[in-house]
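Bear in mind that the values in this text are calculations on the coordinates, not laboratory data. On a predicted model such as this, the values are computed, not experimentally measured, just so you know. Counting neighbours? That spans all protein chains shown, and the Cβs are built from the backbone with ideal geometry, glycine included.
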Amino acid sequence: VQNLWPQSSYGLKREDDYRQQLGNVALKAIPLAMRQNNSYLARRFFEEAFKVYPEQALYTYIEPLRTFAQEKELRRILLLSHYLKPISKLNPELVSVKDSPCKRRLMVGEGGFQFTLALIRKHETTHPNLASAITATEFRSPLPQEKQRIETLNALGVAVLHGVDATKIGTYFDKRFRRIHWNCPYSSNLKDVPSYQGKLEQFFISGSQLQKKGDRIHVTLRKSPEDAFEKNSHNPVLIAATGANYRLFRKRRINRKRYPKYQPTKSESGDVLFGFHYREFVFEKVCQGSAKLLDGAGYKRRAEKLCNPKIKPYTVGVNSQDPNWLYYDCSTDEDSSDYYESDEEEMEIDAKLDDGLEPFKRTRFEFQDRIGKRARDRL
Ligand SMILES: C[S@@+](CC[C@H](N)C(=O)[O-])C[C@H]1O[C@@H](n2cnc3c(N)ncnc32)[C@H](O)[C@@H]1O
């Protein structure tokens, strides 16, 4: 496989050619890695091939998973294949797990609850118990146009609550939530940035009281930290997560393809927010406790120390005009489903199996450096 792997994008006319080559080699490498009993490598090759040839990659990966009886991974991939081409009849191999309980989820600042409903709708065939594992909350009172959606959610089994301040969730609830979500926590008004910073810090500290090590907080932000608005939203999230001892665990796309029925909305009016290029930052709790650090350099050091490169490699970028303006410099990950209560943190298991991957990783990062930050984000 190493001989086949294209060494760099140098000499190839277009980035697309290089990606296609990677996809071709990765497709061939999946069964080889499986035969060598290296499931970690097989999964990595699958992910690479899936980006270019999704259907072929699924087909190539599913068969050896069946042959080698890798049930959990098979289930994950069958779910992925179901989401790629939703059909009303569930694959018989998924039927036995679909009634398992789901992880308890707390959604805060949900506005008109579009996201909660889109999440449930997307997974309703595969995870019929998801709705009853969700507590969905919002700070302000419901708007008239939201009433029907709230009734639908109640009927599905979601606990919908208003008047819940995300900065005080640790005092409202007394049960563990393995997942907490806040999508687009900012106000659309740039003047609100200082209070937004404090709000996010309190949200992470308070949320941490409801979580154990390994539990996660999801925050969705607009995509690129390139204009003033976006820098204003990325930096506070990094500071808040780092101060509460959470590390970046995943960065995923949130778009119409992933959640066809979700469109982020504005705070007060509930009107649709402009554009649809969002990233979901998933943070993992590393340990209890929180600390306020002196300056950007302190937060950068702490955030990089919290990073586990085997789980999610990242560095912390510093804005050239302001050393206190920080952002995560990292690639974007594929979606994955771990909604069942019984799903363990698969990447940690993978990290323990991490062998034979160094040449693969090196080539990939060299490639990423070469094509620069914009292309890296698209990957
Ligand atoms: C930009 S909107 C996003 C709404 C929704 N999450 C979405 O993605 O469509 C920000 C939301 O955060 C809510 N919010 C603001 N401060 C809050 C707080 N302290 N606690 C909980 N929610 C808050 C607002 O009421 C508003 O619904």
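Annotation for the range 100-151: trypsin sites (Lys or Arg not before Pro) lying in DSSP loop with at most 13 further Cβ atoms inside 10 Å of their Cβ are 140. Once the Cα-Cα distance is subtracted from the 0.36 nm per residue extended length, the residue 315 to residue 159 segment shows a gain of 52.3 nm. Couplings 3J(HN,Hα) for the range 53-65, derived from phi with the Karplus relation 6.51 cos²θ - 1.76 cosθ + 1.60 (θ = phi - 60°), are 10, x, 5, 5, 5, 4, 4, 5, 8, 5, 4, x, 4 Hz, where x marks Gly and Pro. Remark: the residue 139-residue 209 segment gains 23.3 nm on full extension, using 0.36 nm per residue and subtracting the alpha carbon distance. Within the shell of other residues whose beta carbon sits under 14 angstrom from the beta carbon of residue 30, the net charge comes to +1, with Lys and Arg scored +1 and Asp and Glu -1. So which of 51/147; 175/251; 72/251; 85/199; 122/300 end up more than 30 Å apart, counting from Cα to Cα? Long pairs (Cα-Cα over 30 Å): 51/147; 85/199; 122/300. Modelled spin-label separation between residue 331 and residue 69, with each label point placed 7 Å from Cα along the Cα-to-Cβ direction: 3.3 nm. Ranked by the mean number of other Cβ atoms within 10 Å of their residues, highest first, the peptides 23-32, 93-102, 286-295 come out as 23-32, 93-102, 286-295. With both labels modelled 7 Å from their Cα along Cα-to-Cβ, the residue 294 to residue 175 distance reads 4.5 nm.
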